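Reviewing the structure listed below.
Each value in this text was obtained by applying a stated rule to the coordinates, not by laboratory testing. Bear in mind that the values here come from a model prediction, so they are computed numbers and not experimental data. Heads up, the Cβs are rebuilt from the backbone with ideal geometry, glycines too, and the neighbour counts pull from every protein chain shown.
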Amino acid sequence: MSPMPDTETLAAPAAAPATAVLPSACPLDCPDACSLEVRVEEGRVVKVDGSRVNPITDGYICAKVRRLPEHLYGPDRLLYPAVRRGPKGSGTFERISWDEALDLAAAKMREAHERRGGEAILPFSYGGSNGLLTQDTTDARLFRRLGASRLARTVCAAATGRAATGLYGKMPGVAFQDFPEARLIVLWGVNPSASGIHLVPILQEAQRRGARLVVVDPHRTPLAKKADLHLMVRPGGDLPLALAVIRWLFAEGRADLGFLAEHATGAEELRRRAEPWTFERAAEASGVPAEEIERFASLYADSSPAVIRAGWGFERNRNGGSAVAAVLALPAVAGKFGVRGGGHVLSNSGAWSVDRREAIGEPEPSTRVVNMNRLGETLERADPPVEVLFVYNCNPLATMPDQERVRRGLLREDLFTVVFDQVRTDTALYADLVLPATAFLEHREVSRGYGALVLYDSAPVVAPAGEARSNPEVFASLCQRLGLDRAGEPGSAAELADTFLASDRVRSELESRGYAAPDCGPAPVQFLDSFPLTPDRKVHLVPEALDRESPYGLYTWQEDPATERYPLALVSPATNRTISSTFGQLYRERVALEIHPEDAASRGIAAGDVIRVWNELGEVRTTARLSADLRPGVVLLPKGLWSHNTLSGTTANALAPDTYTDLGEGACFNDARVQVEKAVAV
Ligand code: SF4
């Protein structure tokens, strides 16, 4: 029996007015942190739109979250707990009660603990919600007290986080609303037309005011088409590109030596490491013509204010950490700080000092750490073996590298997998126990942006669908069942929210205008209002810790992994359909592999042909779409696809290696090298 009953069984909220428009905020994994207006009719969400509470939201939201009513009440919504009754992967389940489900989950964890120790339990979560209450509260309390394996959440932002922290201590970046002050805007490895869409009208306004736009991306994105300069870099080639600009700035006397002397360490060492990277050598490594790199270098040196919007696209390769460090070093070398609209922005999560100690109530144990990028290997080979995998806020079969190995791991008969989610994901089909989770409009949430500098405290606007329960509630119940709870510790959403909202200023701003700003204010100017959060408040251009961590030393280039057998670079960028894999159940159409017409012609492939794309890790069968918006030698299959989006049921992650970035042990999705041929449908 399927765990999804008809939508008629959905519960209506208690005492809800027939129709109301209620405020909320989006806590999903997106920089924009929109303020929302939610229209509720007869206890159901019927429309979600942007409000003007957050000025960046400005009354509109992305198409993804507009479809939230379909997500809440669609046929894939999980409405009650269920246990597996058929083979793993078949998606055959039988409904059980919450008491039975929690007893079963607790019993399986207790048994695994007794047999192998706590490390045989692996909690597995990522950014299905960035809400402060939905992750790292009672869940962390449970798993810490069990002595479970710890998860390194490295699938995204590991290399960027390491580089940004090493160089600047995660100094808050240039606020989006200050971009129109800039004379030059550089979008590096980021596509705001697909994610973080509120930057698009701001960029248009800046261009109207005369700002130049440069885009660095292997793909001709919509904004690249409107840019003054598009550097169509080869995947993984960003490091030599940035180092060549740094070299030129020093060599041509365009480096701001005064700023570097006062505010930076390591400038001379950075200059030395950039020295080999002439424009010609960088052109060879990056695929960007030398004259275009030179044009960019001059434009950057000549423009002030100049801002770099760095994204997460160029961290996903073997050189990712060094590339991010080199790009973030550019404004320091060129002296672009100290003016409104000048500097850089990556993640602004460092603007908030979130203290989770009280919410968790348990110090972190020293148990083994499992890198999430190696879930497949861990499930196959870890010692002690993982006996209970507890998945929440995450859909690892769709989002982790080496997908087929993950699938083999999930098929293990001696593995007990719990999937606690809102909808029937690809991973949920392999679960032994499915638990229905509330979505963000169904529970209280405290959330803050990592782009827009805002924090919200949002009340639920409707009752949970079916029997869905919130994360804090379920993990607190499991703590209690396992005898791991303690009297007086925060467990309810209200108690947990209080631990994050201790500041009177924050409470008062939430009360008066619906959101709060961080201590640095809503739009700090770098090196005027905010400084590096390093111990000496300086930029560390060659931080010792990063230099030690990087396998060959920071800023060392590692060659392209292409081989004669697998010559094409596969990239898997975000789209405007899903947030990572979230909402993937709503898009069931076939998604094509994009291939440059030259690469298609040399393989006898025409538009619409069924193709096979493969390497030693796996293969994907789907159709081909010819696109001159890619550079030759690069193919594209978007990230976040589900099994129903291809003919083979596999996605780009089936071709992605589980190797690590040079910093942070992050995922190297864009190091997938593949071959493509015309095929027949399976
Ligand atoms: S996903 Fe981003 S753009 Fe869409 S509603 Fe949420 S914060 Fe706004």
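Using 0.36 nm times the number of residues separating residue 85 and residue 47, minus their current alpha carbon distance, what extension gain do you get?
10.0 nm
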*Just rank 635, 155, fewest to most, by other beta-carbon atoms within 10 angstrom.*
155, 635
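As an exercise, use a Förster radius of 30 Å and the Cβ-Cβ distance of residue 364 and residue 269 to find the FRET efficiency, rounded to the nearest 0.05.
Details: r = 34 Å, r/R0 = 1.14.
Efficiency for this residue pair is about 0.30.
Test of the criteria: in segment 577-610, which GluC sites (Glu not before Pro) are in a DSSP loop and have at most 13 other Cβ atoms within 10 angstrom of their Cβ?
Qualifying residues, ordered by number: 589.
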*asked:* Need one number: nm distance between label points at residue 529 and residue 107, each 7 Å from Cα along Cα→Cβ, rounded to one decimal.
replied: 5.8
*Could you please report the charge total around residue 307, scoring K, R as +1 and D, E as -1 over all other residues with beta-carbon less than 13 angstrom from its beta-carbon?*
+3
_Taking 0.36 nm per residue of sequence separation and subtracting the Cα-Cα distance, how much length would be gained by fully extending the chain between residue 589 and residue 290, in nm to one decimal?_
103.5 nm
*Each residue of segment 556-561 in turn: what ³J(HN,Hα) in whole Hz from Karplus with 6.51, -1.76, 1.60 and θ = phi - 60°, glycine and Pro shown as x?*
9, 7, 10, 4, 4, x
*Two-site FRET efficiency, residue 501 against residue 251, from Cβ-Cβ distance with R₀ of 51 Å, rounded to 0.05*: 0.50
_Positive-end residue of 54, 160, 304, charge dipole of the chain with Cβ unit charges_ = 304
*Note down the nm distance, to one decimal, between modelled labels 7 Å out along Cα→Cβ at residue 208 and at residue 414.*
6.6
*To the nearest 0.05, what FRET efficiency results for residue 598 and residue 298 with a Förster distance of 45 Å applied to their C-beta separation?*
0.90
*Under 25 Å from the Cα of residue 226, which lysines turn up, not counting those fewer than eight places away in the same chain?*
64, 336, 639
*Before anything else, pin down the relative contact order of segment 296-450: Cα pairs under 8 Å, at least 6 apart, normalised by residue count, whole percent.*
16
*Angle between the Cα long axis of helix 199-208 and the longest principal axis of the chain, 0 to 90 degrees, nearest 10?*
30
_Whole-angstrom Cα spans of segment 638-682 along principal axes, big to small_ = 40, 22, 14
*In whole percent, what relative contact order does the chain give with Cα contacts below 8 Å and a gap of six or more residues?*
21
*segment 62-100: trypsin sites (Lys or Arg not before Pro) in DSSP coil with no more than 12 other Cβ atoms inside 10 Å*: 85
*How many angstrom lie between the C-alpha centres of segment 441-506 and segment 120-148?*
13
*Taking the alpha-carbon centroid of each part, what is the distance from segment 191-266 to segment 577-613 in angstrom?*
29
*To the nearest 10 degrees, how steeply does helix 158-168 sit against the main Cα axis of the chain, on a 0 to 90 scale?*
50
_Unit charges on C-beta of K, R, D, E only; dipole of segment 267-405, Debye_ = 340
